[in-house]
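Have a look at the structure below, then the notes.
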Amino acid sequence: MYARFIVFLLIFIPLTIQSAHTYEHILIPTITLPEITVKPVNQNDKELIARLIRSEDCNQGLLSNMIIAQTVIHKTKKYNTDVYGAIFKTYSRGKAYYGAYTDNFNKKPLEVHYRAAEMVLRGYRPAPEGIAYFIGANDNPNTKWYKYIEKYAWKQVGYHVYCFDPKYK
């Protein structure tokens, strides 16, 4: 059984064997794992996203907090802008994130908000690519925007229903 496991490792996992040692007649390969590079995090971006999470999604939990951060990253790519530009973007129908214009945005974020921001800035994506908008439980369902975007709903996490960008490809 143990030999089959070793064969499985050698065939299906891309590792480099440096040498092999035996222990009680069992061959134990010495391996080198691939090097992992960690994406650096811009501390100003982390602070802005954590403040946005604090103001939009304060107590909804890590998963929902990360999805909020992911919507910001989506908008940086969509509009070819930085994090600040994505958060404070205005549209003909209003602001990208109303939470950025509240007193809560100026309050110190919690550690969970910083953790969510950093994870997403490092590349972790808790939701499918293309998640760009969210609807809050208190949003007016009779508005034109609400009726338009609810057709692109992905799922509800905490207080928000997260939605795909209708133009995402």
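Each reported figure results from applying straightforward, stated rules to the coordinates on display, with no laboratory input. What you are looking at is a predicted structure, and each value in this text was computed from that prediction instead of being measured. Note: ideal-geometry Cβ built from the backbone for every residue, glycine included; neighbour counts use all protein chains shown.
Per-residue Karplus couplings for region 44-50, computed as 6.51 cos²θ - 1.76 cosθ + 1.60 with θ equal to phi - 60°, are listed in order as 5, 5, 4, 5, 4, 5, 4 Hz, Gly and Pro entered as x.
Relative contact order of region 43-164, taken over Cα pairs closer than 8 Å and 6 or more residues apart, is 32 percent. Each Lys or Arg adds one and each Asp or Glu subtracts one; over the other residues with Cβ under 15 Å from the Cβ of A100, this totals 0.
Of L110, L63, the sequence from fewest to most neighbouring Cβ atoms within 10 angstrom is L63, L110. Among the listed pairs K77/K167; K77/K108; K77/K169; K39/K169; K46/K78, which are separated by more than 21 Å between their Cα atoms? Long pairs (Cα-Cα over 21 Å): K77/K108; K39/K169.
If you take the alpha carbon atoms of region 43-164 and fit the smallest convex hull around them, that volume is 98 Å³ per residue.
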